[in-house]
Each structure stands twice: as C-alpha cells, then as structure tokens.
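This report concerns only the one structure given below.
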Amino acid sequence: EPEVTQTPSHQVTQMGQEVILRCVPISNHLYFYWYRQILGQKVEFLVSFYNNEISEKSEIFDDQFSVERPDGSNFTLKIRSTKLEDSAMYFCASTPGGQPSYEQYFGPGTRLTVT
Amino acid sequence: AQSVAQPEDQVNVAEGNPLTVKCTYSVSGNPYLFWYVQYPNRGLQFLLKYITGDNLVKGSYGFEAEFNKSQTSFHLKKPSALVSDSALYFCAVRDSGGYNKLIFGAGTRLAVHP
C-alpha cells in the first residue's frame, strides 16, 4: 500500500539554524499539507499546497516558514531561523484530490528538537 | 468557525469490553468528520470518516462511529476492546471554508487493560 514518507525521523538543531524537513507524498496525490504537534498538544494545520503554490496557511506559518515542491516527488518544509518554540512533531499529509470527502494520508512525522 | 471537542483526556476500558471515545463538533454546513489513531512514535492513521448517508460508519480494525446530527456528535466505538487498541485517538473535521485542511480535537488516550 502506498505511504507518505518523511525524513529525517528526528532532527536536532540549534536555535537560529535553518532546517529542511522532507516529505514524499503518495505518487498520484495532488494536494499536500504540513501539520505540527507540539508535545502533549493537538495537531495544528500549518499550510496546504496545490499546483505549486500555497493555497492556505495558518497564523503559525509566518515568514520563517516556506514550502517547496522542488521536483515531482518531494515536498519540503523549511524553517529559516528556528526558535525553541518550533520544537514539535511535524507531519506531512496528502490527498488525491480537492474534494472534502477525501481522507488525508499522513506520514510518520519528523520530530524537531531545537536547543 | 469549525471546531472539534474531545471531552475526555483518557478513557480506560478492560479488554473485551465495549469502548466509546467521544467527539462533538461545530461546523457551518455539512460536516465531514474523521477519526485518526496515533500509536507511539508513529504518524496518524486513518480509521474512518463520515461524509453522508448512514449514520453508523464502519472503519478499520473493527472500529465504527455513530454520527448524530441533533447532538452534533461523532463518537468512536468498538464492541470488544483489545489491548492493542491502546493509542491516542483524534477526531477531526474538514474545514469547509478553506482548502480542506483538517481541524483536530485535542485527542483522547485510550488505555485497554488486560
């Protein structure tokens, strides 16, 4: 069964450093998402991406964040200058189409630790 | 604005007993509701969804959920719990006003005891 994959599984970085989290969505999917989950808290939406552009972003997704689909398979989340409060589990998700009935398929997540 | 509430932080149940994990929602328009499960150190796995039609939705691993429009609830159920069902369960609603992002509840930890 096709799966969403994410790398790395765990990233430790120092405050102020740039990080890139990588995701490979399911191959025929067209809509892509990033969510994050701070330890012990709910899963929060960050950004959605379709047709090579951001379709929606949350208040969390400020100028320090960016997303890119550099080729036909990868979908990346970049945090330009990490802060302690960016420490969280980051999940990538994808769906085959834009209908609201589609479930989103989630990757296993990347745990980001900012020290 | 759409929202989801999971009123219980934790649910404890004995193996073999029925389980219920509660979820209530607030949406404008037709609700698209989902249940996901998260095992330790794993991502979110889709269990089931309600789009339209029958109020009782069947999903993976023997789980089902009952949609109740008058009570704006979408409770997750299983007739006979297994120890392996112990995990974190999230209810979510699709945001009809945006580009289909999911809005999650806070999650409920299910502990099934032998």
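FYI, it's all coordinate maths here, none of it is from the lab. The structure presented is a predicted model; accordingly, all values stated were derived computationally and were not measured. Cβ sites come from the backbone with ideal geometry, for glycine too, and all protein chains shown count toward neighbours.
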>> Here's a check for you: in the stretch B:92-101, which residue that is buried (at least 17 other Cβ atoms within 10 Å of the Cβ), farther than 11 Å from B:Tyr50 by Cα and of a type outside the set (Asp, Glu) is farthest from the chain's Cα centre (by Cα)?
In response: B:Tyr99
>> Looking at (1) surrounded by fewer than 16 Cβ atoms within 10 Å (Cβ to Cβ); (2) out of contact with any Gly (no Cβ under 6 Å at 6 or more places or on another chain); (3) polar (S, T, N, Q), which one does A:Ser55 not meet, given that it meets all the others?
In response: (1)
> So which of A:Ser94, A:Ser66 ends up being in a strand (DSSP E or B) and within 13 Å of another protein chain (Cβ to nearest Cβ)?
Replying inline: A:Ser94
> Taking the stretch A:24-63 as the region of interest, how many residues are more than 25 Å from B:Asn41 (Cβ to Cβ), among the hydrophobic types (A, V, I, L, M, F, W, C) and more than 10 Å from chain B (Cβ to nearest Cβ)?
Replying inline: 2
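List the strands (runs of 3 or more DSSP E) inside the stretch B:48-114, counting only whole elements, that have at least 2 residues being away from chain A (no Cβ under 14 Å).
B:56-58, B:64-68, B:73-78, B:108-113
Of a type outside the set (Asp, Glu), closer than 22 Å to B:Gln45 by Cβ and surrounded by fewer than 14 Cβ atoms within 10 Å (Cβ to Cβ): is that true of A:Gly107 in this structure?
In short, no.
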>> Kindly evaluate A:Phe75 against the criterion of being within 12 Å of another protein chain (Cβ to nearest Cβ), under 12 Å from the mean Cα position of the chain (by Cα) and either buried (at least 19 other Cβ atoms within 10 Å of the Cβ) or aliphatic (A, V, I, L, M) (or both).
In response: no
>> I'm told A:Glu103 meets every condition in (1) among the acidic types (Asp, Glu); (2) part of a loop (DSSP other than H, G, I, E, B); (3) more than 10 Å from chain B (Cβ to nearest Cβ) except one. Can you identify the failing condition by its number?
In response: (3)
